[in-house]
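Chemist: Following this message is one structure expressed as structure tokens.
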């Protein structure tokens, strides 16, 4: 009973709310249809004919002609370089001093090109004389086929540089193997790679011993006595006799 | 004459006592050889990597004993061992560890992951995505892990042995260059030859439990490794050979067939591993032979071929061979 009364009361409240909402909407509609008309007088303005004539006379407003741009920085540089070269060329061809300079430059270029083509080491060409056997040379620019081993080994022994002497003996043994075509000489190969290329057992075994001495003295930095060097030298001389005739 | 010279060969006494090191290495070879047939180069490179304090990436087709060798290595060294199988859904915290709340003590405590071992085998490393790979950067280089602002140092010796299969592409991720550079060696594990294959079959047939590694003895301790590493560090390196190593690595940066050259870390790796390799030969100085032996496993994962050469079918190994041959051996 109480619930029914409550429901009826809620329905009444809802109907009242809807009625108020509808009335307020109708009032809003009637308010928005009022129109305000602009009744002010319009003043017509004309273009200034004198100004138009002035603009017509101005070239900047002549869009029919394509603009001619000025020289860019790069073009000015090219022009300057061209003039300079022209002047130099004139000096080089028309004056005796200029001709000498041009001939010298051409000769240097030709010599440089020839040296590069034939891979000539200019330093070696000039230092191939008596001072070539100096011991503190750069080991990375050596070519075993160009070295006078007998003289170099002799000099090393005289200076008691036995470590270097063993190294030279080893390089000499590589040269002998290469000359006899027992190995294919390539600077990038290791000692053991050369050893693997030798087919003759005795030659290979003694070359292995020379490699051993070379590695311990050169890479291992072991000190070598005169007696030890003599042993290596004897081994080398014995080994040379084993090479094919 | 020959006999006299043969006697003289013993006259260069090693300045550093490498007898114990060499004996230990021989015992390791013997123990691994009880199970793995052939693969002597792989075993030598693994031992070299341990002595040079570097991580190893083993690459090879399935079934060529990559994982088995890594497990055997952990058996011959008395040290902690952990194995992680990398999968696409693996998270960095699964590898490194994570902070968990302890309800009993009402505190957060760090639960260490499998990476906290002396030897960590990461199987199929290229199956985990870049996020998990990146988690390994710090531990591989600095031997430490930083989690929640806390740094945890790894116990020495610390070695990661990772495996990957080069053939399978499905579900794999290419390892980042920064991570590859952190591997000391990338060892290519080849198929055995015919005789080795026969020996494998015979060994497998005669063994009652082929997967049992119970007969493998530990021959190296953590202390041994530490001592050997100190010894190796002091070995002699000739100045000309230092230049030779530098030239090889420099050439990788100049070679037109290579898109990316090797880093200075590669130069250091070549020198360190050449020293370790010479020590296991019983020599207290390095030779160009040692450098050539380690150059390929050190460089092959650190250089990248140009796309043209890759399309021509060339491999990094071929280019490394060519450029090493080009450089004059100092004599």
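Chemist: Quick check: the angle from helix B:264-280's long axis to the longest principal axis of chain B, C-alpha only, nearest 10 degrees?
Modeler: Here the helix axis deviates by roughly 70 degrees.
Chemist: May I ask you to derive the FRET efficiency for residue A:65 and residue A:118 from their Cβ-Cβ distance with R0 = 51 Å, giving the value to the nearest 0.05? Walk me through the numbers before you get to the answer.
Modeler: Details: r = 63 Å, r/R0 = 1.23.
The calculated FRET efficiency here is 0.25.
Chemist: A follow-up question, please. On each of the three principal axes of the Cα atoms of chain B, give max minus min coordinate, whole Å, ordered largest first.
Modeler: 82, 50, 43
Chemist: On average, how many beta carbons from a partner chain sit within 10 Å of the beta carbon of a residue in A:186-197? Don't jump to the answer; show the numbers that get you there.
Modeler: Values: counts 4, 7, 10, 5, 10, 5, 4, 5, 1, 0, 0, 0.
Mean number of neighbouring Cβ atoms from other chains: 4.
Chemist: Follow-up question, since we're still on this one. Quick check on the stretch B:146-287: take the gyration tensor over C-alpha atoms, sort the square-rooted eigenvalues as a ≥ b ≥ c, and tell me if it's rounded (a/c under 1.5), prolate or oblate.
Modeler: Taking the square roots of the gyration eigenvalues as a ≥ b ≥ c, the stretch B:146-287 is rounded.
Chemist: I'd like the orientation of helix B:239-254 relative to chain B: the angle between its Cα long axis and the longest Cα principal axis, in ° from 0 to 90, rounded to 10.
Modeler: Long axis of B:239-254 versus the principal axis of chain B: about 60 degrees.
Chemist: Can I ask one more? Among B:20, A:48, rank each residue by its count of other Cβ atoms within 10 Å, from fewest to most, as a rough exposure measure.
Modeler: A:48, B:20
Chemist: Highest GNM mean-square fluctuation, chain B, Cα pairs closer than 10 Å: which of B:283, B:174, B:302?
Modeler: Maximum fluctuation in the GNM of chain B, among the listed residues, is at B:174.
Chemist: Using a 10 Å cut-off on Cβ atoms, rank the peptides A:192-203, A:169-180 from the highest mean neighbour count down. Intermediate results must be reported in sequence, preceding the final value.
Modeler: On the way: A:192-203: 14.4, A:169-180: 18.8.
Going from most to least packed, we get A:169-180, A:192-203.
Chemist: Could you tell me the largest-minus-smallest coordinate of the C-alpha atoms of the stretch B:36-201 on each of the three principal axes, in descending order and whole angstroms?
Modeler: That works out to 63, 37, 29 Å along the principal axes.
Chemist: Right, something else. Connecting C-alpha atoms closer than 10 Å in a GNM of chain B, tell me which of B:105, B:40, B:117 has the biggest fluctuation.
Modeler: Result: B:105 has the largest fluctuation of those listed.
Chemist: In nm², what is the average projected area of the convex hull enclosing the Cα atoms of the stretch B:144-193?
Modeler: Details: hull surface 24.0 nm².
Directional mean of the projected Cα hull area for the stretch B:144-193 stands at 6.0 nm².
Chemist: Taking every pair of distinct Cα atoms and averaging 1/r, then inverting, what Kirkwood hydrodynamic radius in Å comes out for the stretch A:138-245?
Modeler: On the way: mean 1/r = 0.0710 Å⁻¹.
Value: 14.1 Å, from the Cα pair sum.
Chemist: Then there's this: Counting only other chains, what is the mean number of Cβ atoms within 10 angstrom of the Cβ of each residue in peptide B:283-292? Write down the numbers at each step before the final one.
Modeler: Values: counts 4, 3, 7, 3, 10, 8, 7, 2, 1, 5.
Mean shielding by partner chains, rounded to a whole number: 5.
Chemist: Compute the relative contact order of the stretch B:235-331 as a whole-number percentage, counting only Cα pairs closer than 8 Å that sit 6 or more residues apart in sequence.
Modeler: Numbers: 117 pairs, mean separation 34.8, N = 97.
Once divided by the residue count of the stretch B:235-331, the mean separation gives 36 percent.
Chemist: Can you give the FRET efficiency to the nearest 0.05 for residue B:155 and residue A:233, using r as the Cβ-Cβ distance and R₀ = 60 Å? Intermediate results must be reported in sequence, preceding the final value.
Modeler: Values: r = 54 Å, r/R0 = 0.90.
According to the calculation, E is roughly 0.65.
Chemist: Same structure again: How tilted is helix B:316-326 with respect to the longest principal axis of chain B? Cα atoms for both, answer in degrees (0 to 90, nearest 10).
Modeler: That helix lies at roughly 30 degrees to the long axis.
Chemist: Ok, one more. Once you have the alpha carbon radius of gyration of the stretch B:235-331, what is it after dividing by 2.2 N^0.38 Å, with N set to its residue count?
Modeler: Working: Rg = 13.5 Å, N = 97, 2.2 N^0.38 = 12.5 Å.
The stretch B:235-331 yields a ratio of 1.08.
Chemist: Further, regarding this structure: Testing the spin-label approximation: label points 7 Å from Cα along Cα→Cβ at residue B:177 and residue A:186. State their distance in nm.
Modeler: Going from the residue B:177 label point to the residue A:186 one covers 2.9 nm.
Chemist: Using a Förster radius of 51 Å, what is the FRET efficiency between residue A:48 and residue A:78 based on their Cβ-Cβ separation? Nearest 0.05, please.
Modeler: Details: r = 48 Å, r/R0 = 0.94.
Efficiency computed from Cβ-Cβ geometry: 0.60.
Chemist: Return the single residue from B:71, B:247, B:309 with maximal mean-square fluctuation; model: Gaussian network over chain B, springs between Cα atoms under 10 Å.
Modeler: The residue with the greatest mean-square fluctuation here is B:309.
Chemist: Note down the relative contact order for the stretch B:88-138 as a percent, whole number, built from C-alpha pairs under 8 angstrom at least six residues apart.
Modeler: Dividing the mean separation by the residue count of the stretch B:88-138 yields 42 percent.
Chemist: Give me log10 I(q)/I(0) at q = 0.06, 0.11 Å⁻¹ for the protein assembly as shown, Debye formula, one equal scatterer per alpha-carbon, no solvent.
Modeler: Evaluating at q = 0.06, 0.11 Å⁻¹ gives log10 I(q)/I(0) of -0.54, -1.14.
Chemist: Now for a different question. Over the C-alpha atoms of the stretch B:274-331, what are the Rg and the largest Cα-to-Cα span, Dmax, in Å?
Modeler: Expressed in Å, the Cα Rg and Dmax of the stretch B:274-331 come to 14.0, 43.
Chemist: So, by mean Cβ neighbours within 10 angstrom, what's the order for A:50-56, A:150-156, B:72-78, A:38-44 with the highest one leading? Please report the intermediate quantities before stating the final value.
Modeler: On the way: A:50-56: 9.1, A:150-156: 16.6, B:72-78: 21.4, A:38-44: 4.9.
Answer by packing, highest mean first, reads B:72-78, A:150-156, A:50-56, A:38-44.
Chemist: Taking beta carbons within 10 Å but only from partner chains, what does the mean come to for residues B:11-23? The partial results should precede the final answer.
Modeler: On the way: counts 8, 10, 1, 3, 3, 0, 0, 0, 0, 0, 0, 0, 0.
Across B:11-23, the average partner-chain Cβ count within 10 Å equals 2.
Chemist: May I pose another question? Rg(Cα) of the stretch B:241-288 divided by 2.2 N^0.38 Å?
Modeler: 1.28
Chemist: Additional query: Given 10 Å bins starting at zero, what is the percent of C-alpha pairs of the stretch B:15-116 in each, up to the one with the largest pair distance?
Modeler: Result, from short to long distances: 12, 34, 27, 16, 10, 2 percent.
Here, each number is a calculation from the coordinates, and none is a lab measurement. Keep in mind that what you see is a predicted model, and the values were worked out from it rather than measured. Cβ coordinates were reconstructed from backbone atoms using ideal geometry, including for glycine residues, and neighbour counts include every protein chain displayed.
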